[in-house]
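Right, one structure below, let's go through it.
The values are calculated or read from the model by the stated rules, or taken from the named source; none is laboratory data. Note that the structure is predicted; figures quoted are calculated from it, not measured. Cβ sites come from the backbone with ideal geometry, for glycine too, and all protein chains shown count toward neighbours.
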Amino acid sequence: MTHDEYPWFKSYAPGVPINITPPTKTFVEHFSQIVQKVPHGPALHFLGKTLSFTQLDKFSNHFAQALLSKGLGKGDVVAICMPNTPQYTISVLGAFKAGCAVSNVSPLLTASEMEYQLNDCQAKALVVADMLFATFAKAAAKTTTVKTVIATGLADMLPAYKQFLAKALKKIPTGDVTPLPGVNIIPFKDVLKSFSGENPGIRPAMDDICFIQYTGGTTGDPKGALLSHGNLISCMTQYGAVVPLKSGVDSFCAGLPMFHVAGLVVSLLGPFFGIPQVIIPDPRNTSMILGQIAKYKPTVLVNVPTLYLMFLNDPMVTKVDWSTVKVCYSGAAPFTDEGIRDLEAVIGKGKVRELYGMTETSPLIAMDHMENSKKVGSVGLPMPSTRIRIMDVLTGETEAPPGEPGEVWVSGPQVMQGYHNKPEGNAKTFVEQDGERWLRTGDVGRLDEDGYLYLVDRAKDMIIVGGYKVFSTEVENKLSEHPAIAMCAIVGVQNPDRPETEIVKMVAQLSPEYAGQSREKVQEEILAFAREKLAPYKVPKVMEFMEMPLTAVGKIDKKRLR
């Protein structure tokens, strides 16, 4: 391997290895070592309640023993459906200790969508928040394998007086848990009281599946990505190689939902490295998040761009001592250049860094190195032990010329084993080339001469206008510079004059100071700006203004827009 073949090597920050040592210990073994190292260190902060690593270890032992007592064991699947809580982390660790795999279920799913996932992954147990129990109850009749349900209230891990106040003031949503035929329902509190606190001693193998993590289903039914213990540990080791984390010094705070792969893995970095994690139950409540940051002074933040920008509109942002924050990583969606400048004007110059990943890669593919100067528009350098190719976006048969955009292919130890029960999906996604197994990401990107990766678009979001390729993220980034636009999305729609072709449409949410102005006047102003900044074929031919729909992670939901 040479710098010419892999140009990103020469750009690695000092001390960051080109390759990681292949891991040999599973997450369970790593966590056991952390408990021995910092038994009384804080592991989880949640609404004023702190759990130590010893407590987290014991609670997860109770959970593992409960699963084993109900007949679950190695290879069985435990589904988890709840917002961010300590119970989430306890359930994941407990499932691992029982030798089980975890499938995370979005709390936003309908009953039929939940039914599909539970049946597809053949889950035998479900951990569910009481506020979401009614959805499962509707799905239960057609869910064939779930025989054990562990139900929990969001305040279950808080002190008794805080639980009382939360319920009395109705600050925490709750729901009724009712009997279901053929289903054994156990309160989460009873799990922590009625089962042994001894570690069951089960040691998963590196190639055992630890997560069946479902994609968003933008093209057909959601697909379950099979992530092994080896995939998970490789990704965490790669992260630690780029961002050294010290127990007793560093701490995390992330407003990402744990049911999403990014939030899930971030939530496990704490138990893996022995650092505390501030759990955020409501990622849309910026005042609460900023209050937690002010109180616990985390050194590393991980959020999506929309949440960071929401911080700037909250008066609480001025009450945070941002000097304790070393770095703010952003991912899951493009961060506009203007947005980064606005955020760094508040938190400190040079603190915003970007990363890139996907469910199928556990999830990291590339990220900025903290010691390097940020390249505007780039999502950073490929992770250690990761190879990237930029392939012709239409044929997939040849590499794109240097600097030109193409589909991003990735190979590395963090790449999933495949999709669960989806042989046709695996055939389309994986390619064997030059003795390596490559994952076709479906993202369009380019590498510069220093090996930095720039994302141009999703392949399915690319618009062909009169034979020209229009990359939506490029147009979105440019139009977002206009002060009238708070956020926007570019989509292709059918050309009414030539149905076989597409035209560019912009959907935008207006900034507050422009909300009361004439839509026609604002449209004319944006159109003039677009004509000045963009090639004619990239200029939107149709504009619509609305409140932008967001996914659970905080990305603009283009699927709903379409």
Near pairs, Cβ below 6 angstrom, 6+ apart or cross-chain, from the stretch 175-196 (assigned by TED's automatic domain parsing to the domain that holds Met82) to any residue that is acidic (Asp, Glu) and surrounded by 13 or more Cβ atoms within 10 Å (Cβ to Cβ): Gly175/Asp130; Val177/Asp130; Phe188/Asp156; Lys189/Asp156
How about the stretch 397-408: which of its residues are under 27 Å from the mean Cα position of the chain (by Cα) and either under 30 Å from Ile212 (Cβ atoms) or not in a loop (DSSP other than H, G, I, E, B) (or both)? Gly406, Glu407, Val408
Which residues, taken from the stretch 409-451, are touching a Lys or Arg at 6+ places or on another chain (Cβ under 8 Å), among the small types (Gly, Ala, Ser) and in a strand (DSSP E or B)? Ser411, Gly442
Per-region count, the stretch 355-388, residues modelled with pLDDT of 95 or more and among the charged types (D, E, K, R): 3
Could you check the stretch 521-552 and list, in sequence order, the residues that are closer than 27 Å to Pro257 by Cα and without any contact (Cβ under 8 Å) to a residue 24 or more places away in the chain? Pro549
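Using the structure shown, decide if Lys142 is modelled with pLDDT under 95, within 30 Å of Gly554 (Cα to Cα) and of a type in the set (D, E, K, R). Spell out the reasoning first.
Details: modelled with pLDDT under 95: yes; within 30 Å of Gly554 (Cα to Cα): no; of a type in the set (D, E, K, R): yes.
Spelling it out, it is not the case that Lys142 is modelled with pLDDT under 95, within 30 Å of Gly554 (Cα to Cα) and of a type in the set (D, E, K, R).
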Across the stretch 213-242, what is the number of residues that are of a type in the set (Ser, Thr, Tyr), modelled with pLDDT under 85 and under 17 Å from the mean Cα position of the chain (by Cα)? 1
List every residue pair whose Cβ atoms lie under 6 Å apart, where the two residues are 6 or more positions apart in sequence or sit on different chains, the first residue falls within the stretch 410-424 and is at positive phi and touching a residue at least 24 places away in the same chain (Cβ under 8 Å), and the second residue, located anywhere, is assigned to a strand (DSSP E or B) and not charged (D, E, K, R). Gly418/Leu226
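In the stretch 128-158, which residue that is of a type in the set (D, E, K, R) and touching a residue at least 40 places away in the same chain (Cβ under 8 Å) is surrounded by the most Cβ atoms within 10 Å (Cβ to Cβ)?
First pass over the stretch 128-158, keeping only residues of a type in the set (D, E, K, R): 130, 138, 142, 147, 156.
Of the ones still in play, those that are also touching a residue at least 40 places away in the same chain (Cβ under 8 Å) are 130, 147, 156.
Values: Asp130: 19, Lys147: 16, Asp156: 17.
Among them, the one singled out is Asp130.
Please find, among Ser480, Ser511, Ser518, the residue that is without any contact (Cβ under 8 Å) to a residue 12 or more places away in the chain and among the hydroxyl-bearing types (Ser, Thr, Tyr).
That would be Ser518, the only listed residue that is without any contact (Cβ under 8 Å) to a residue 12 or more places away in the chain and among the hydroxyl-bearing types (Ser, Thr, Tyr).
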Tyr116 fails exactly one of (1) surrounded by 23 or more Cβ atoms within 10 Å (Cβ to Cβ); (2) touching a Pro at 6+ places or on another chain (Cβ under 9 Å), namely (1)
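With Val539, Val465 as the choices, which residue is more than 30 Å from Leu264 (Cβ to Cβ) and either modelled with pLDDT of 90 or more or not hydrophobic (A, V, I, L, M, F, W, C) (or both)? It would help to see each step written out before you state the result.
Values: Val465 fails: either modelled with pLDDT of 90 or more or not hydrophobic (A, V, I, L, M, F, W, C) (or both).
Among Val539, Val465, only Val539 is more than 30 Å from Leu264 (Cβ to Cβ) and either modelled with pLDDT of 90 or more or not hydrophobic (A, V, I, L, M, F, W, C) (or both).
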